[in-house]
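Engineer: Handing you a structure now.
The values are calculated or read from the model by the stated rules, or taken from the named source; none is laboratory data. Owing to the predicted nature of the structure, the values given are computational and were not obtained by experimental measurement. Note that each Cβ is placed from the backbone with ideal geometry, even for glycine, and that neighbours are counted across all protein chains shown.
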Amino acid sequence: MEKLQSVEQFEELKNGERTIFMFSADWCPDCRVIEPILPTLEADYPEYEFIYVDRDEFIDVCQEQDIFGIPSFIAFHDGKEVGRFVSKDRKSLEEIEEFINGLA
């Protein structure tokens, strides 16, 4: 999964065709649990570009996007938010797939 490099890149990517941002942090145990399934998600959903956003490195982006718990996901399509899976709870592969399958 590509890692976000700048706020400018975030703005550019969210205006892309189909982007899912995963907000996470290296110290987050619930984030580490889902890490092994991320390559499977990327392979199963090639129509989306998946971007890792480090919560500590991009705290301002997290605040602007109302991300208060991690791991969390926000999907954008052509600059518009089309879905979010945001909570402080651990996520399963099935829950993440359900979120992606429900995107318009």
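Engineer: Between a first residue in segment 48-71 that is among the hydroxyl-bearing types (S, T, Y) and a second residue that is surrounded by fewer than 19 Cβ atoms within 10 Å (Cβ to Cβ) and outside any loop (DSSP other than H, G, I, E, B), which pairs have beta carbons less than 6 Å apart while being 6 or more apart in sequence or on different chains?
Structural biologist: Close Cβ pairs (under 6 Å, with a partner that is surrounded by fewer than 19 Cβ atoms within 10 Å (Cβ to Cβ) and outside any loop (DSSP other than H, G, I, E, B)) amount to Y52/K3.
Engineer: Looking at segment 93-104, which of its residues are in contact (Cβ under 8 Å) with a residue 24 or more places away in the chain and of a type outside the set (F, W, Y)?
Structural biologist: First pass over segment 93-104, keeping only residues in contact (Cβ under 8 Å) with a residue 24 or more places away in the chain: 93, 96-97, 99-100, 103-104.
Once the filter is applied, which keeps residues that are in contact (Cβ under 8 Å) with a residue 24 or more places away in the chain and of a type outside the set (F, W, Y), segment 93-104 yields L93, I96, E97, I100, L103, A104.
Engineer: Let me ask something else. What is the one condition in (1) farther than 17 Å from K88 by Cβ; (2) touching a Ser or Thr at 6+ places or on another chain (Cβ under 6 Å) that Y48 does not satisfy?
Structural biologist: It is condition (2) that Y48 fails.
Engineer: With respect to V53, determine if the residue is assigned to a helix (DSSP H, G or I), at pLDDT 95 or above, within 13 Å of the chain's Cα centre (by Cα) and closer than 18 Å to V7 by Cα. I'd like the intermediate steps shown before the answer.
Structural biologist: On the way: assigned to a helix (DSSP H, G or I): no; at pLDDT 95 or above: yes; within 13 Å of the chain's Cα centre (by Cα): yes; closer than 18 Å to V7 by Cα: yes.
No, not satisfied.
Engineer: Starting from segment 73-91, take each residue that is farther than 15 Å from C31 by Cβ and list its partners that are hydroxyl-bearing (S, T, Y), counting only C-beta distances under 6 angstrom and pairs at least six apart or across chains.
Structural biologist: Within 6 Å, the pairs are F76/T19.
Engineer: Output the residue which, of all residues in segment 24-34 that are surrounded by 14 or more Cβ atoms within 10 Å (Cβ to Cβ), of a type outside the set (A, V, I, L, M) and without any contact (Cβ under 8 Å) to a residue 60 or more places away in the chain, is farthest from K80 (Cα to Cα). Before you say what the answer is, go through the steps one by one.
Structural biologist: Narrowing segment 24-34 to residues surrounded by 14 or more Cβ atoms within 10 Å (Cβ to Cβ): 24-25, 28, 30-31, 34.
This time we only want the ones that are of a type outside the set (A, V, I, L, M), so: 24, 28, 30-31.
Of the ones still in play, those that are also without any contact (Cβ under 8 Å) to a residue 60 or more places away in the chain are 24, 28, 31.
Working: S24: 21, C28: 28, C31: 25 Å.
In this case the residue turns out to be C28.
Engineer: If I ask for residues that are of a type outside the set (A, V, I, L, M, F, W, C), loosely packed, with under 13 Cβ neighbours inside 10 Å and outside any strand (DSSP E or B), which ones from segment 58-86 would you list? Outline the logic, then answer.
Structural biologist: Within segment 58-86, the first condition is being of a type outside the set (A, V, I, L, M, F, W, C), and the residues that meet it are 60, 63-66, 69, 71-72, 77-81, 83-84.
If we keep only those that are loosely packed, with under 13 Cβ neighbours inside 10 Å as well, we get 60, 63-64, 66, 78-81.
Listed by number, the residues that qualify are D60, Q63, E64, D66, D78, G79.
Engineer: Tell me, yes or no, whether segment 3-22 has at least one residue that is hydrophobic (A, V, I, L, M, F, W, C) and without any contact (Cβ under 8 Å) to a residue 12 or more places away in the chain. It would help to see each step written out before you state the result.
Structural biologist: Start the filter on segment 3-22 by keeping residues that are hydrophobic (A, V, I, L, M, F, W, C), which leaves 4, 7, 10, 13, 20-22.
Now narrow it down to the ones that are without any contact (Cβ under 8 Å) to a residue 12 or more places away in the chain: none.
No, segment 3-22 contains no residue that is hydrophobic (A, V, I, L, M, F, W, C) and without any contact (Cβ under 8 Å) to a residue 12 or more places away in the chain.
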